[in-house]
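> One structure, pasted below without further comment.
The values are calculated or read from the model by the stated rules, or taken from the named source; none is laboratory data. The structure presented is a predicted model; accordingly, all values stated were derived computationally and were not measured. Positions of Cβ are backbone-derived with ideal geometry, glycine not excepted, and every protein chain shown enters the neighbour counts. The protein model used for the area step is the full one, side chains on, heavy atoms only, and it has no ligands, DNA or RNA in it. Shrake-Rupley method; radii C 1.70, N 1.55, O 1.52, S 1.80 Å.
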Amino acid sequence: FMTMPSPLRFIPLLVLALSTASATYAAPLSGPEREATIQYVVGLRNRDGGYRNTLAPGPSTVGATSASLRALKYLGGRPDLRPLTFVNSCMKEDGGIADTPQVAPTVRSTAVGLMALVELQAALKFG
C-alpha cells in the first residue's frame, strides 16, 4: 500500500470512500422489491439444506449458505433450520468446517461456517 507510487497509494482509500458513500445513499427497497429479493435468495436453496452461488443448478457451499442466511436476516425473511443439516455435513472431526462435505476445511471456510452457525442460532433464538 505505502510502497505504491505516490498518487496511486490513495486509490484503495478512494475506493473505500466511494463504496461507503454509495452505500450511505442507496435507496431502500420497496416492499415488492424486498419480497422478490427474498424469493431469489430462497430459490438458491438446494435439497441438502444448503445454498448455491447461482440460480443454475450446482452444489451447496458453506460460503453461499452463510451469505444467504445473512441476506434473509437483513431482508426480513425467515430462515429455517434446514441449512443446519448442510453445515453439519461439512464439519470435520478436527473441528474445521469445509466449504463442501467432500473437501478439506480451511481457516476461511471454518470462519464462514461459524458465521452460518451464528445466523442459525439467531434464527432458533429469535425466529
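> Given the residues VAL107, VAL118, VAL103, VAL87, which is the only one that is at pLDDT 95 or above and open to solvent by 80 Å² or more (accessible area, probe 1.4 Å)?
VAL107
> Can you report the number of residues in the stretch 58-84 which are over 29 Å from SER30 (Cα atoms) and open to solvent by 50 Å² or more (accessible area, probe 1.4 Å)?
2
> Same structure, new question: Please determine whether any residue of the stretch 20-38 is open to solvent by 50 Å² or more (accessible area, probe 1.4 Å) and closer than 18 Å to LEU120 by Cα.
Within the stretch 20-38, not a single residue is open to solvent by 50 Å² or more (accessible area, probe 1.4 Å) and closer than 18 Å to LEU120 by Cα.
> Further, regarding this structure: Within the bounds of the stretch 87-107, is there any residue that is in contact with a Leu (Cβ under 8 Å, 6 or more places away or on another chain), within 30 Å of ALA36 (Cβ to Cβ), in contact (Cβ under 8 Å) with a residue 24 or more places away in the chain and part of a helix (DSSP H, G or I)?
So far as the stretch 87-107 goes, yes, one or more of its residues are in contact with a Leu (Cβ under 8 Å, 6 or more places away or on another chain), within 30 Å of ALA36 (Cβ to Cβ), in contact (Cβ under 8 Å) with a residue 24 or more places away in the chain and part of a helix (DSSP H, G or I).
> Among the residues of the stretch 51-81, how many are of a type outside the set (A, V, I, L, M), touching a strand residue (DSSP E or B) at 6+ places or on another chain (Cβ under 7 Å) and touching a residue at least 24 places away in the same chain (Cβ under 8 Å)?
Going through the stretch 51-81 one residue at a time, the tally reaches 4.
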